[in-house]
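Shown next, in structure tokens, is the structure this report addresses.
Computed from the coordinates by the stated procedures, all read-outs in this text should not be read as laboratory data. Note that the structure is a prediction, hence the values are computed from the model and not measured. Here the Cβ positions follow ideal geometry from the backbone for every residue, glycine too, while neighbour counts run over all protein chains shown.
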Amino acid sequence: MALVAPSIHAQQIIGSLNDAAGQPIDAANVLLLSPADSSLVRGALTEPDGHFSLENVAQGRYLLSFSILGFETVFINNLTVDEGHPIIDLKTTTLRENSTLLAEVSVVAKRPFLEQKIDRLVINVENSITSAGATALDVLERSPGVVVNRQNNSIALAGKNGVIVMINGRINRMPLEAVVQMLAGMPSANIEKIELITTPPANFDAEGNAGFINIVMKQSNDAGLNGGFSFSGGIGRGSNASAGINFNYRKNKLNLYGDYSFGRQAQEQLFLFDGQVLLDENTLQTDTRSERDPVQRNHNARLGLDWTLSKKTVLGILISGYDNRWSMDAVNNTTISINGTPDTLLRIVNDEINHWQHLGGNLNLQHTFRPDELLTFDLDFLTYDNENPTNYLTSYSGTGGNFLFEERTFSGKVTPIKVSVGKLDYSKRFSDKIKMEVGMKGTSSRFDNDVTVFRIENGVPVNDPALTAEYRLEESIGAA
């Protein structure tokens, strides 16, 4: 259950890490965890001067951990964040070197959860306890520099909008709204790592000026058949459950892989709003109570094939799709008072459904002429459909409960999108300092958006032409 006031203050946690000699520690993992299950809430890396900052921390009690290879992990328990302390300064925390002596040494490679590289931040999701039961969107939402807005289906990276999302290094050409819905249904159990690329290489598409998010899915290199299954669930003010399965079959020149996941989340939300304004010499006050019961259900699936035609040529085929349905029943009751005396009661009941469907296919070919000369070809087909019907019932009553009048409205939005993209790239390296890259790309897309609004008058639906519209857009782009 969520209680939302007119103004919400986001807290910030700052501090720094030093070693025993007083020197700053760079690139250490700073993880803010839930004390109940150690799930990740926020994450950051320390700067070269040892400082760190965790932004937009909601009020509550947390567990904070500091870790880096070669040093002992430090925990801060019962860290309380409240409205009275907008900035919590932890000053300097000292990490001591891990000096445990072993009679016999076994070296085990384990990557940190956050890993800073020259051009990107890598989030190692695989085998991370802090990401258990989460989705790809949950992990992004808790990552440093990423802002996810679930209401308008947007993702910003380092304060910039227009992020491009890639799956296994290939650009996902769906609209960002559709990508957000796909990530909301993608379990972290199927993900190896997520790369936040703020300084993209020169061969990346120019339209990704806000950066790229590359999601690398799990894929085994072992011969034969192998796979995995995951399930998680929870209950509170609502319930959630998710399950996923993945497999990989590799034999001789053939590699077949795929995964499927299902998720369902039901919530009970309560929002309280109040406000007042001066109108002439009167004070107009509104008190609103909004009860919402959103339910989200999603299916995600991928099936791919890599076929080694020769020592130098690999052919790949990938089919992917998802079906995501979000529905909500909401009741909003507003009392309008004048100078402290209730005047009008406004009640709005709405039922809304948002249904996204996507099916895409990719054909790719890679030919290596020699180690320093490469030719790649990609062909993508994409269909995407969004349906958004909504019913509104608005009723007005006097202070004594006497009925005044009501309005009933129905709105519908249908948005089908089709995209085809072909891309051919050639690269050749002449020396360590000289490399040639050339390519060509063609894109064809069609976008439809039909919006209809009906008002119910005397039991008969009447179209509202002022709010009804049809949009069509066809576009073809070629580049080299």
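Its residues counted as N, the stretch 117-246 yields a C-alpha radius of gyration over 2.2 N^0.38 Å of 1.09. Which percent of the Cα-Cα distances in the stretch 235-377 go past 25 Å? The share of Cα pairs beyond 25 Å in the stretch 235-377 comes to 59 percent.
Per residue, how big is the convex hull around the C-alpha atoms of the stretch 198-258? Give it to me in cubic angstrom, could you? Please report the intermediate quantities before stating the final value.
Details: hull volume 10.1 nm³, N = 61.
Each residue corresponds to 165 Å³ of Cα convex hull volume.
Mean silhouette area of the stretch 389-434, derived from the convex hull of its C-alpha atoms and averaged over all directions, reads 8.9 nm². Taking other C-beta atoms within 10 angstrom as a stand-in for reagent exposure, Leu270, Leu375 fall in the order Leu270, Leu375, fewest first. Cβ crowding within 10 Å ranks Met186, Met217 as Met217, Met186, fewest other Cβ atoms first. Using the rule -39500 (n - 2.57) for each DSSP H run of four or more residues, divided by the residues of the chain, the 222 nm mean residue ellipticity is -1000 deg cm²/dmol. Could you sort out which of Lys160/Lys433; Lys251/Lys311; Lys117/Lys193; Lys218/Lys251 sit more than 21 Å apart by Cα distance in this structure? From Lys160/Lys433; Lys251/Lys311; Lys117/Lys193; Lys218/Lys251, over 21 Å: Lys160/Lys433. Once you reduce the stretch 147-219 and the stretch 443-480 to the center of their Cα atoms, the two points are 28 Å from each other.
Here the stretch 273-312 is treated as a Stokes sphere of Kirkwood radius computed over C-alpha pairs; at 37 °C and 0.692 mPa s its diffusion coefficient rounds to 192 µm²/s. Take the alpha carbon atoms of the stretch 7-52, find their center, do the same for the stretch 326-345, and report the distance between the two centers in whole angstrom. Between the Cα centres of the stretch 7-52 and the stretch 326-345 lies a distance of 42 Å.
Rounded, prolate or oblate, given the Cα gyration tensor of the stretch 231-302, with a/c below 1.5 counting as rounded? It would help to have the intermediate numbers written out before the result.
Numbers: a/c = 7.83, a/b = 3.46, b/c = 2.26.
Cα axes put the stretch 231-302 in the prolate bin.
Its residue count N sets the reference 2.2 N^0.38 Å, and the alpha-carbon radius of gyration of the stretch 49-97 equals 1.27 times that reference. For the stretch 165-205, the spread of Cα positions along the three principal axes, ordered from largest to smallest, is 32, 24, 15 Å. The Rg/Rh ratio of the stretch 38-172, with both radii computed over alpha carbons and Rh defined as the Kirkwood radius, is 0.98.
For the chain, averaging the sequence separation of C-alpha pairs within contact (under 8 Å, six or more residues apart) and dividing by the residue count gives a relative contact order of 8 percent. When Ile13, Ile456 are sorted by how many other C-beta atoms sit within 10 angstrom of their C-beta, beginning with the fewest, the order is Ile456, Ile13. With the Cα gyration tensor of the stretch 224-479 giving a ≥ b ≥ c as the square roots of its eigenvalues, does the rule (a/c under 1.5 for rounded; else a/b larger than b/c for prolate; else oblate) give rounded, prolate or oblate? The shape class here is prolate.
Compactness check for the stretch 7-109: Cα Rg over 2.2 N^0.38 Å is 1.18.
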